[in-house]
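A.B. asks: Following this message is one structure expressed as structure tokens.
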Amino acid sequence: DAKTTQPTSMDCAEGRAANLPCNHSTISGNEYVYWYRQIHSQGPQYIIHGLKNNETNEMASLIITEDRKSSTLILPHATLRDTAVYYCIVRAESGGGADGLTFGKGTHLIIQP
Amino acid sequence: EPEVTQTPSHQVTQMGQEVILRCVPISNHLYFYWYRQILGQKVEFLVSFYNNEISEKSEIFDDQFSVERPDGSNFTLKIRSTKLEDSAMYFCATSPWPGGDQPQHFGDGTRLSIL
């Protein structure tokens, strides 16, 4: 099973920042934190990943606590199109390329107009 | 932005028949994966494939399933003697090389309906 814990659902107002938490208290030193999202029944879409440092790209920011036991995905200006299920996944660094990702149930983020 | 392409988008098949699902990876990606998602359930890993060999497979991936890359472009998943419980979305994913720092990129899936 996935080694992460996420809230089942969250609401956010359109235009506001959406902050999605994830607990991964058993994460190992060589494991990355990945975020994907799935809109309706489309394929999972890669958002961002990080190891120790905070990361930012055109889609989102990832904040990882110093002890690495939790992280937060931030969508800075949520739009209705960001309504989706968001998955937080931990993945080993070495030899992990061929391993499958372990998806949990994720957080259903609903952006309210 | 390069995409993983899957065909067909929807496949309807009689129980007991064989189906082949196809995936065109992102160019220069070397690792390929299949996942499935039964309606309302989690996305589940089936198999990974590299250099014309299976790298890893889950308990789901039994003798009913097989994968190959016959022509150097399409990556296929074959399901023999289909059962009702094989009805699901099947997703292909690819990544450039192994390593936990390499994201897997997913296609939009094939919806398989077994009647």
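The values are calculated or read from the model by the stated rules, or taken from the named source; none is laboratory data. Quick caveat, the model's predicted, so the values are computed rather than measured. Note: ideal-geometry Cβ built from the backbone for every residue, glycine included; neighbour counts use all protein chains shown. Each accessible area value is taken on the protein alone, full model and side chains, heavy atoms only, with ligands, DNA and RNA left out. Shrake-Rupley method; radii C 1.70, N 1.55, O 1.52, S 1.80 Å.
A.B. asks: Just name one of B:SER66, B:TYR50, B:ILE38: the one whose Cα is farthest towards the positive end of the charge dipole of chain B (beta-carbon charges, Lys/Arg +1, Asp/Glu -1).
C.D. replies: Farthest towards the positive end: B:ILE38.
A.B. asks: Taking a 1.4 Å probe, which of B:HIS10, A:HIS49, A:HIS77 shows the most accessible area, and what order do the others take after it?
C.D. replies: A:HIS77, B:HIS10, A:HIS49
A.B. asks: Please give me, ordered by residue number, the GluC sites (Glu not before Pro) of region B:53-89 that lie in loop per DSSP and have at most 13 other Cβ atoms within 10 Å. Present the calculation step by step, with values, prior to reporting the outcome.
C.D. replies: Details: sites: B:GLU53, B:GLU56, B:GLU59, B:GLU68, B:GLU85; in loops: B:GLU59.
Sparse-neighbourhood loop GluC sites (Glu not before Pro): B:GLU59.
A.B. asks: Explain nothing, just the number: dipole magnitude of region B:1-114 about its Cα centre with +1 on each Lys and Arg Cβ and -1 on each Asp and Glu Cβ, in debye rounded to the nearest 20.
C.D. replies: 240
A.B. asks: Run through region A:50-88 and list the GluC sites (Glu not before Pro) located in a DSSP loop whose Cβ has at most 12 other Cβ atoms within 10 Å.
C.D. replies: A:GLU58, A:GLU66
A.B. asks: Let me confirm one metric for peptide A:27-35, namely the mean number of other chain beta-carbon atoms within 10 Å of its residues' beta-carbons.
C.D. replies: Rounded to a whole number, the mean comes out at 1.
A.B. asks: Turning to a different aspect of this structure: What FRET efficiency comes out for the pair A:ARG16/B:GLU59, r = Cβ-Cβ distance, R0 = 41 Å, nearest 0.05?
C.D. replies: The computed FRET efficiency comes out at 0.45.
A.B. asks: At what distance in nm do the modelled label points of B:SER81 and B:SER66 sit from each other, each positioned 7 Å from its Cα along Cα→Cβ?
C.D. replies: For B:SER81 paired with B:SER66, the spin-label model returns 1.4 nm.
A.B. asks: Right, here's the next one. Determine, from the Cβ-Cβ distance of A:GLN112 and A:SER25 and an R0 of 41 Å, the FRET efficiency 1/(1 + (r/R0)^6), rounded to the nearest 0.05.
C.D. replies: Details: r = 31 Å, r/R0 = 0.75.
For R0 = 41 Å, the calculated efficiency reads 0.85.
A.B. asks: Hey, got the dipole for the protein assembly as shown? About the Cα centre, +1 on K and R Cβ, -1 on D and E Cβ, debye to the nearest 20?
C.D. replies: For this selection, approximately 340 debye.
A.B. asks: Summing Lys, Arg as +1 and Asp, Glu as -1, what charge do residues with Cβ under 11 Å from the Cβ of A:ILE110 carry, A:ILE110 excluded?
C.D. replies: -3
A.B. asks: In Å, what Kirkwood hydrodynamic radius results for the protein assembly as shown from the alpha-carbon pair distances?
C.D. replies: With all distinct Cα pairs of the protein assembly as shown included, I get 18.1 Å.
A.B. asks: Moving to a separate point now. Is the C-alpha gyration tensor of region A:31-113 telling us rounded, prolate or oblate? Criteria: a/c under 1.5 is rounded; beyond that, a/b larger than b/c is prolate, otherwise oblate.
C.D. replies: oblate
A.B. asks: Evaluate Rg over Rh across chain B, taking Cα atoms for both radii and Kirkwood's formula for Rh.
C.D. replies: 0.94
A.B. asks: Residues with amide H under 5 Å of B:SER87's amide H, sequence separation 5 or more or different chain, H placed in the peptide plane at 1.01 Å from N; which?
C.D. replies: The list, which skips near neighbours in sequence, is B:ILE114.
A.B. asks: Can you pull out the trypsin sites (Lys or Arg not before Pro) in region B:1-82 whose DSSP state is coil and whose Cβ has at most 14 other Cβ atoms within 10 Å?
C.D. replies: When the trypsin sites (Lys or Arg not before Pro) of region B:1-82 are filtered for loop state and at most 14 Cβ neighbours within 10 Å, B:ARG80 remain.
A.B. asks: With +1 on each Lys and Arg Cβ and -1 on each Asp and Glu Cβ, how big is the dipole of chain A about its Cα centre, in debye rounded to the nearest 20? Let's see the in-between values first.
C.D. replies: On the way: 9 positive and 11 negative charges, 25 e Å.
The calculation lands at about 120 debye.
A.B. asks: Going Cα to Cα from A:LYS3, which aspartates and glutamates come in below 13 Å? Please leave out same-chain ones fewer than 8 positions away.
C.D. replies: Filter leaves A:GLU31.
A.B. asks: Still on this structure: Quote the total accessible area buried by chains B and A together, excluding ligands, DNA and RNA, probe 1.4 Å, nearest 100 Å². Spell out each step's value before the answer.
C.D. replies: Values: alone 6710 and 6510 Å², together 11400 Å².
Chain pair B/A: roughly 1800 Å² of buried accessible area.
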